[in-house]
Amino acid sequence: MMPRAHFHEGLEKLELQLATMGGLAATAVRTATDAILEHDHAKALEVIEGDDPIDELYLAVDHGILSLLALQAPVASDLRLVSVLMHTNGHLERIGDQAVNIAKLFEVTRQLPTSDAIVRMIGEMGDVAVDMVRAAMEALRRRDLDLCERLPDMDDPIDRLNRHMHLEVAKLADDPRALDWGMHMNMVARALERVGDNAVDVAEQVEFLLTGEFREFTDASHPGTVLPDVD
């Protein structure tokens, strides 16, 4: 069986890999959004081609977690951290995928007429989504309960803009090509909304790590579930 010190070193390595992955995912969302704001083909390609390092880190963390579990029976506090790392790994990989989706949506519409109002909305959503990913990862790094509990409030502007996006798209109905672009931007808005949701999910994992209680921040009507410690 792996010595306990080596087990904790393995956990620290996995956290560092996740921190790197979180930075790459946030940058990918930033760059994909900028591709739309700046009508920049090169930035869209950068995001699409840059997805491999995120996927490689995802697989490395996943394999690392399985290896640690195979070599050590963790106590409850360690098992909680392992669970959080595993779930966070999946959320970050999905954020990277959403960035690629945004870049691809730009690529298939970059020859179509655009709307300044919709571009501005995409820009606002992108700014908040990137901040949320970075805040969630910082909450994990610092074990900061207050910061992770601020994520739902950060998410509100994204949800509001996403709900209003279809109204702006409807204004393009008189121009079929512009409407086509707008429908794709509606999907971009949905992708950014999902980035925000995944950041909130990471924050929920941080709270679980710190308190032993899991609750969905978006459903305050239900009390959290306390998972029992098993040593």
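Here is how the numbers come out for the structure above:
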read-out	value
Prolate/oblate/rounded label for region 87-144 (Cα gyration tensor, a/c 1.5)	oblate
Projected label distance in nm at residue 150 and residue 163, using a 7 Å step from Cα toward the beta-carbon	2.4
Descending semi-axes in Å of region 103-214, equivalent ellipsoid built from Cα gyration tensor	34, 12, 10
Heavy-atom accessible area ranking, 1.4 Å probe, most first, across 125, 137, 86	86, 137, 125
Helix 76-109 vs. the chain, principal-axis angle (Cα, 0 to 90°, nearest 10)	20
With DNA, RNA and ligands ignored, accessible area of residue 83 (1.4 Å probe; Å², nearest 10)	40
0 to 90° range, to nearest 10: angle between helix 116-142 axis and the chain longest Cα axis	10
With eigenvalues of the C-alpha gyration tensor scaled by 5 and rooted, region 1-66, Å	34, 10, 5
Accessible area per residue in Å² at 1.4 Å probe, computed on the chain	49
Accessible surface of region 23-134 [probe 1.4 Å, protein heavy atoms]: carbon and sulfur percent	54
Convex hull volume of the chain per residue (C-alpha atoms, cubic angstrom)	108
List 128, 188, ordered by accessible area with a 1.4 Å probe, largest first	128, 188
Exposure ranking of 12, 138 by accessible area [1.4 Å probe, largest first]	12, 138
Between 0 and 90°, nearest 10: helix 151-170 axis offset from the chain longest Cα axis	20
Among 164-177, 51-64, the order from most to least packed when residues are scored by Cβ within 10 Å on average	51-64, 164-177
Evaluated at q = 0.15 Å⁻¹: base-10 log I(q)/I(0), Debye formula over Cα of region 59-164	-0.81
Sum of -39500 (n - 2.57) over DSSP H runs of 4+, divided by residues of the chain (222 nm, nearest 500)	-28500 deg cm²/dmol
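The values are calculated or read from the model by the stated rules, or taken from the named source; none is laboratory data. Computed from a predicted structure; not experimentally measured. Neighbour counts are summed over all protein chains in view; Cβ atoms, including those assigned to glycine, are modelled from backbone coordinates with ideal geometry. These area figures cover heavy atoms from the full protein model, side chains too; ligands, DNA and RNA do not enter into them. Shrake-Rupley method; radii C 1.70, N 1.55, O 1.52, S 1.80 Å.
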